[in-house]
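Down below is the structure, laid out as structure tokens.
FYI, it's all coordinate maths here, none of it is from the lab. This one's a predicted model, so the numbers in the text were calculated from it and none came from an experiment. Cβ: placed from backbone, ideal geometry, glycine included. Neighbour counts: every protein chain shown.
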Amino acid sequence: MKASVILKNSREKSLLRRHPWIFSGAVTKIIGSIQPGETVDILSSKGKWLARGAYSPFSQITVRVWTFDPDEDISQEFFHARLKQAFNSRSLLMKNNNLTACRLVNAEPDGLPGLIVDRYADFLVCQFLSAGAEHWKQEIAACLKSLMPHAGIYERSDADVREKEGLKPCAGVLSGQEPPEFVEIQENDLYFLADIRRGHKTGFYLDQRDNRAALAEYAENAEVLNCFAYTGGFGIYALKHGAAKVTNIDSSADALALCERNIALNDLDIAAAENVESDVFQILRKYRDSRRQFDVIILDPPKFAESRGQLERAARGYKDINLLAFKLLRPGGILFTFSCSGLMTPELFQKIVADAALDAKCEAQMIRQLGQASDHPVALNFPEGHYLKGMVCRAGNMFP
Ligand code: SAH
């Protein structure tokens, strides 16, 4: 008999809205014996069947829902159908935009909680981030193999979030060939080398694709400062679209070395790029003190807030770099500013950037709102999935 999780009185409301998480505080008891990652039925306090999901006893999220359909069994066929649907939903995006890299499965919004699958040319890179995804790893790998028979399947389950699920970091080949040191991918009219074995996330910040492309409009003849450059992303789009000079800043020498290779790969003028290994917080101060100015600045920092307790400190970090950026922009200059902290709401982020402009004594407009690319969908019933927020601001005059 399948085990069941019984919810406390009237705690089924979020499930009725098809939100896929059940927090430990909503559970009154568990009937039957069950191991982490195995499938449980979820019942209301009155015994009504609500959903079926993966049990995760070490996480605050006790169950992640696989299905709201009582007739749907969780089996290899289930994963095959969900994966196929997710793959199909990206096929036009890839075909019409000359992409060879794309997020094919974005976890909860694709009905597959805890599972990420990113395609990099002939490789699929997977992250199994929940007890449920981990439990079905071999079946999922078999489905991926049948959907893309020639692909190498590589696991990058070395993200910190696994710890919360009681899982250890894990990486390596799941099927097919070992990936080379770098995989070449195409994004719009540009090429990048991605290090899928050791790079950040699964190798590349696929979520920023549309925002990198949006930079093209502002690049011509511009002097661009690309902060938190990683392997060059925004900077390479700027060079491609006519920037006079691009300064890429990152604290990682490896990332900047790959940035240089990416510039060469696209036949762009290496003399127009300046790659500086430095802490962004420090170098922005140095540029302020030396009165250096730019036409376009990009601020794409790593996640500053991992937990609610870190939000205030994160807010100070965002304000600091945005304030300095507004001081370094020429009048009419453009700021691309981002936060990928899921806990930071768009409203709060906008307020922080507004406060930064005010303290920098810079009149500024928001001319565009940005988010994660469409292969990172947000389920309407799961707003938690909307983590990447961005704005394009135009700096006006300084006021006294
Ligand atoms: N914009 C990039 C992704 C940026 S990821 C793209 O489109 O591909 C964030 C980057 O910030 C990482 O490369 C990391 O090495 C760098 N980083 C983190 N903290 C930093 C700091 N204090 N100063 C400079 N770089 C930092």
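Would you grab the residues whose amide H sits under 5 Å from the one on Asn226? Only those 5+ places off in sequence or on another chain, please, with H modelled 1.01 Å from N.
Thr247, Asn248, Ile249, Ile298
Using the Cα centre of region 107-215 as origin and beta-carbon charges of +1 (Lys, Arg) and -1 (Asp, Glu), tell me which of Tyr191, Phe123, Pro169 is placed farthest towards the positive end of the dipole.
The one lying farthest along the dipole's positive direction is Pro169.
When you take every Cα atom in region 76-183, what is the radius of gyration, and what is Dmax, the widest Cα pair distance, in Å?
Both quantities, over Cα of region 76-183: 13.2, 41 Å.
Return the sequence-ordered ³J(HN,Hα) values of region 66-72 in whole Hz as given by the Karplus equation 6.51 cos²θ - 1.76 cosθ + 1.60 applied to θ = phi - 60°, using x for Gly and Pro.
Coupling constants for region 66-72: 8, 8, 9, 9, x, 8, 9 Hz.
Around Gly396, which amide H atoms from residues at least 5 apart in sequence, or from another chain, sit under 5 Å from its own amide H, with H modelled in the peptide plane?
For Gly396, the qualifying residues are Gly332, Glu363, Ala364, Gln365.
Can you give the FRET efficiency to the nearest 0.05 for Arg368 and Arg18, using r as the Cβ-Cβ distance and R₀ = 25 Å?
It comes to 0.20.
Write down, largest first, the equivalent ellipsoid semi-axes of region 205-398 in whole Å, where each equals the square root of 5 times an eigenvalue of the alpha-carbon gyration tensor.
24, 20, 16
Rank by packing, highest mean first: peptides 291-304, 109-122, with packing defined as the count of other Cβ atoms within 10 Å averaged across residues.
109-122, 291-304
Can you tell which of Ala54, Ala86, Ala253 shows the greatest fluctuation in a Gaussian network model of the chain with Cα springs below 10 Å?
Highest fluctuation of the listed residues: Ala253.
Structure shown: which of Lys201/Lys240; Lys84/Lys319; Lys286/Lys351; Lys46/Lys303; Lys137/Lys303 lie over 31 Å apart, alpha-carbon to alpha-carbon?
Long pairs (Cα-Cα over 31 Å): Lys84/Lys319; Lys46/Lys303.
For region 172-311, give the share of DSSP beta bridges that are antiparallel, in percent and rounded to the nearest 5; count only bridges with both residues there.
Here the share of antiparallel DSSP bridges comes out near 25 percent.
Enter the Cα centre distance for the pair region 230-274 and region 287-353, rounded to the nearest angstrom.
Measuring centre to centre over Cα atoms gives 21 Å.
Can you pull the Rg over Rh of region 3-67, Cα-only, Kirkwood?
Reported Rg/Rh (Cα atoms, Kirkwood Rh): 0.90.
Does anyone have the angle between helix 346-359 and the longest principal axis of the chain? Alpha-carbon axes, 0 to 90°, nearest 10?
Between the helix axis and the principal axis of the chain, the angle is about 20 degrees.
How far is helix 311-328 tilted off the main Cα axis of the chain, in degrees rounded to 10, range 0 to 90?
30
For region 3-67, with only Lys/Arg (+1) and Asp/Glu (-1) charged at the beta-carbon, what is the dipole magnitude about the Cα centre, in debye rounded to 20?
Rounded to the nearest 20 debye, it is 320 debye.
Can you tell me which of 195-208, 269-282 comes out highest on packing, and rank the rest after it, using the mean Cβ neighbours within 10 Å?
The packing order, highest mean first, is 195-208, 269-282.
On full extension of the chain, what length is gained from Glu184 through Ser45, given 0.36 nm per residue of separation minus the C-alpha to C-alpha distance?
Contour length minus the Cα-Cα distance gives 44.8 nm.
Let me know the charge dipole size of the chain about its Cα centre in debye, to the nearest 20, where only the beta-carbon of Lys, Arg (+1) and Asp, Glu (-1) is charged. Numbers along the way, then the final one.
Working: 48 positive and 50 negative charges, 275 e Å.
I would put it at about 1320 debye.
For His200, what residues show an amide H to amide H distance below 5 Å, using hydrogens built from the backbone and excluding near sequence neighbours?
none
Enumerate the calculated ³J(HN,Hα) couplings along region 41-56 in order (Karplus 6.51 cos²θ - 1.76 cosθ + 1.60, θ = phi - 60°), each rounded to whole Hz, writing x wherever the residue is Gly or Pro.
Once θ is set to phi - 60°, the couplings for region 41-56 become 8, 10, 10, 6, 4, 8, x, 7, 5, 10, 6, 9, x, 9, 8, 9 Hz.
Less than 20 Å apart at the alpha-carbon level, and either on another chain or at least 8 residues along: which aspartates and glutamates does that give for Lys168?
Result set, ordered by chain and number: Glu38, Glu134, Glu139, Glu155, Asp158, Asp160, Glu306.
Expressed as a whole number of Å, what is the distance separating the alpha-carbon centroids of region 175-220 and region 92-122?
13
List, in order, the whole-Hz ³J(HN,Hα) value for each residue of region 226-232 obtained from phi through the Karplus relation with A = 6.51, B = -1.76, C = 1.60 and θ = phi - 60°; use x for Gly and Pro.
9, 8, 6, 6, 6, 8, x
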